[in-house]
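Working notes, beginning with the structure itself.
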Amino acid sequence: MSDINKIIQKLFSERWTKNLADAPIEDQREQLFKTLTDQAGGYWSGHTAYHLAVDGGFLIDSDSGSKKKLTTLGEMFMESMKIEREKIECWSCGAEMTLNERSENDGDCPYCGSEIELDIEAKS
Ligand SMILES: [Zn+2]
């Protein structure tokens, strides 16, 4: 598990009062993603969610009602979420999947089993 996920898991287990405290890391990341998206857009997202993001070092604390800025760590997290959530289409069967689903299946399409090469990998 990456360091950033360890931080997220620790924050949720110590601070989150609802069932997210023991939830899978994917759910916790999803919640943090939502919080940071809301805050960066100038929306309020609840006391617990806000302070978890600030104290975890993902968000810079400032006046309520203003658009919040992400820290370097926060930007790194958002970038990794975007990559995880990005969808690709299988060249063989046309099914849509996230990059995460592809890599969990060792680079093959989870629906038809065809190997899917990414442009990024082909160049290296
Ligand atoms: Zn396929």
Item to check | Hits in the stretch 74-89 - residues which are hydrophobic (A, V, I, L, M, F, W, C), without any contact (Cβ under 8 Å) to a residue 40 or more places away in the chain and in contact with a strand residue (DSSP E or B) (Cβ under 7 Å, 6 or more places away or on another chain) | outcome: Ile88
Item to check | Per-region count, the stretch 38-54, residues over 13 Å from Trp16 (Cβ atoms), in a helix (DSSP H, G or I) and touching a residue at least 24 places away in the same chain (Cβ under 8 Å) | outcome: 2
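State all residues of the stretch 44-58 that are more than 14 Å from Phe12 (Cα to Cα) and surrounded by 13 or more Cβ atoms within 10 Å (Cβ to Cβ); if no residue qualifies, say none.
Ser45 - this is the single residue of the stretch 44-58 that is more than 14 Å from Phe12 (Cα to Cα) and surrounded by 13 or more Cβ atoms within 10 Å (Cβ to Cβ).
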Checklist entry - Out of curiosity, is Gly57 more than 16 Å from the ligand (Cβ to nearest atom), in a helix (DSSP H, G or I), under 20 Å from the mean Cα position of the chain (by Cα) and within 22 Å of Ile25 (Cβ to Cβ)? => result no
Next on the checklist: One residue is enough: does the stretch 80-102 have a residue meeting the conditions within 13 Å of the ligand (Cβ to nearest atom) and in a helix (DSSP H, G or I)?
Outcome noted: yes
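Each reported figure results from applying straightforward, stated rules to the coordinates on display, with no laboratory input. Everything numeric here is computed off the predicted structure, so don't read it as measured data. Positions of Cβ are generated from backbone atoms using ideal geometry, with glycine treated the same way; all protein chains shown enter the neighbour counts.
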